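Q: After the structure tokens below, expect a handful of questions from me.
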Amino acid sequence: MTNYKDLGLVNSREMFSKAVTGGYAIPAYNFNNMEQLQAIIMACVETKSPVILQVSKGARDYANINILKNMARGATEYAHELGCDIPVVLHLDHGDSFKTAKDCIDNGFSSVMIDGSHFPYEENVALTKQVVEYAHKFDVTVEGELGVLAGIEDDVVAEHSTYTQPEEVIDFVSKTGVDSLAISIGTSHGANKFKPEQCTRNADGVLIPPPLRFDILEEIEKQLPGFPIVLHGSSSVPQVFVKMINDNGGHLENSVGIPEEQLRKAAKSAVCKINIDSDARLAMTATVRRVFNEKPGEFDPRKYLGPARAALKEMYMEKNINVLGSANHA
Ligand code: G3H
Ligand code: 13P
Ligand code: ZN
């Protein structure tokens, strides 16, 4: 059993209460490898932002939980070395079972998500409650989910989103005891969040997605005043990276994300955690492709992963400062 406090981590409770009252959101960035983690920590230290390091089931399978745990310890020590002990959470993203959540808690995670959103309501309640009861023994915070996002969540594929029903949230939160709630108001996972037929096009032919359902968010806030709300699927899919990928031999079509001004608006509300993964994948891929294209003789991984890490750092800083508003809140 590893206690997260011994890794220099914190749970999300205080972070969220400050974010809700302060009108900003904590960045929740997924990581799978060292360069991503270094970029996240460098960016969050430089912008003095708290941060949630997210590990999906896919990341666990890819990187190994022992390695990830010790990377998180390294991350807190690295932040200290860089001169700012920012609050760092290690969070399980889209936990699929009690066993997965328990395994993460026992391995030093300070926060877990249990995603029972694709189960019938009562099953979601029972599973979430079981995880909360175990997690709270160790002061680990728990995120639950109500409503289903369109797109792919690990192995679960949903064709259409099912918006969160505001009339269910009080019952869910009181029966389960969760510390935060992920909701579905029109975001979705991946780099192709909307089908072209759901979008309009501006004068330059750029796809404009349908707006998020802020009316549902407002209703949820009325039901649960001050309660921490989480938005998944919140990459903005910067077209500069999409173009860079396509200009350097890639092929991405109809990739469209959540406009930044809508995320800014959400961050000012009860939304206090915003999940971003795809944008980092795009930034890394775009940079690596460009290096390969410009320097076909390059075969030292540091010469393409280094520039990818620099691009990631810049992107994370930009998000903390201009989108989430988390800068200077560490
Ligand atoms: O919500 C999904 C995240 O983007 C994680 O994706 O399971 O491929 O690591 P992954
Ligand atoms: P994106 O695919 O929009 O980056 O969302 C990531 C996410 O929600 C991780 O849980
Ligand atoms: Zn997600």
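Q: If you project the alpha carbons of the range 198-258 onto the principal axes, what extent comes out on each, in Å, largest first?
A: Reported extents, whole Å, longest axis first: 48, 23, 14.
Q: Quick one: 302, 264, 289, fewest Cβ neighbours within 10 Å first, how do they rank?
A: Fewest to most other Cβ atoms nearby, the residues stand as 302, 264, 289.
Q: Less than 22 Å apart at the alpha-carbon level, and either on another chain or at least 8 residues along: which lysines does that give for residue 268?
A: Result set, ordered by chain and number: 18, 48, 222, 319.
Q: Say each of residue 223 and residue 2 gets a label point 7 Å from the Cα, pointing the same way as Cα to Cβ; how far apart are those two points in nm?
A: 3.7
Q: Provide the convex hull volume over Cα atoms per residue for the range 149-263, in Å³.
A: It is 129 Å³ per residue.
Q: Run the numbers for residue 171 and residue 21: contour at 0.36 nm per residue of separation, minus the present Cα-Cα distance, in nm.
A: 51.6 nm
Q: Here's another thing I want to ask about it. When we measure straight from the Cα of residue 99, which lysines land under 18 angstrom away, once same-chain ones fewer than 8 places off are left out?
A: Those lysines meeting the cut-off are 57, 69, 129, 137.
Q: Give me the extension gain from residue 318 to residue 292: residue separation times 0.36 nm, minus the current Cα-Cα distance, reported in nm with one decimal.
A: Separation in residues times 0.36 nm, less the Cα-Cα distance, equals 6.8 nm.
Q: Specify whether the C-alpha gyration tensor of the range 261-330 places it in the rounded, prolate or oblate class, a ≥ b ≥ c being the square roots of the eigenvalues: rounded for a/c under 1.5, otherwise prolate if a/b is larger than b/c and oblate if not.
A: prolate
Q: With a 10 Å radius around each residue's Cβ, average the other Cβ atoms per peptide and rank 3-11, 255-263, 162-170, highest first.
A: Packing order, densest peptide first, comes out as 255-263, 3-11, 162-170.
Q: Something else: Restricting attention to the alpha-carbon atoms of the range 47-197, what are Rg (one decimal) and Dmax (integer), both in Å?
A: Over the range 47-197's Cα set, Rg and Dmax evaluate to 16.3, 49 Å.
Q: Can I ask one more? Describe numerically, in nm with one decimal, the distance between label points set 7 Å from Cα along Cα→Cβ at residue 268 and at residue 80.
A: With each label point 7 Å from Cα toward Cβ, the separation is 3.9 nm.
Q: Can you classify the chain as rounded, prolate or oblate using the Cα gyration tensor, where a ≥ b ≥ c are the square roots of its eigenvalues, rounded means a/c under 1.5, and otherwise it's prolate if a/b beats b/c and oblate if not?
A: Cα axes put the chain in the oblate bin.
Q: Related question: May I ask you to derive the relative contact order of the chain, considering only C-alpha pairs under 8 Å and at least 6 residues apart, and to give it as an integer percent?
A: Averaging sequence separation for qualifying contacts and normalising by length gives 22 percent for the chain.
Q: Then there is this: How far apart, in nanometres, would the label points at residue 246 and residue 136 be if each is projected 7 angstrom from Cα along the Cα-to-Cβ direction?
A: Modelled inter-label distance: 5.0 nm.
Q: Return 232, 80 ranked ascending by Cβ neighbour count within 10 Å, so the fewest neighbours appear first.
A: Ordered by Cβ neighbours within 10 Å, fewest first: 80, 232.
Q: Also, I was wondering about something else. Quick one: Karplus J couplings for the range 271-282, per residue in order, coefficients 6.51, -1.76, 1.60, θ = phi - 60°, nearest Hz, x for Gly and Pro?
A: For the range 271-282, the Karplus curve yields 6, 10, 9, 10, 8, 9, 10, 4, 4, 5, 4, 5 Hz.
Q: Rounded, prolate or oblate: pick one for the range 194-324, where a ≥ b ≥ c are the square roots of the eigenvalues of its C-alpha gyration tensor, a/c under 1.5 means rounded, and failing that, prolate if a/b is larger than b/c, else oblate.
A: Oblate is the answer for the range 194-324, as a/c is 1.5 or above yet b/c matches or exceeds a/b.
Q: Follow-up. Given an 8 Å cut-off on Cα distances and at least 6 residues of separation, report the relative contact order of the range 1-157 as a percent.
A: 25
We did not get these values from a lab; they are worked out from the coordinates using the rules stated. Since the structure is predicted, the reported quantities are computational estimates derived from the model, not experimental observations. So basically every Cβ, Gly included, is an ideal-geometry build from the backbone, and we count neighbours across all protein chains shown.
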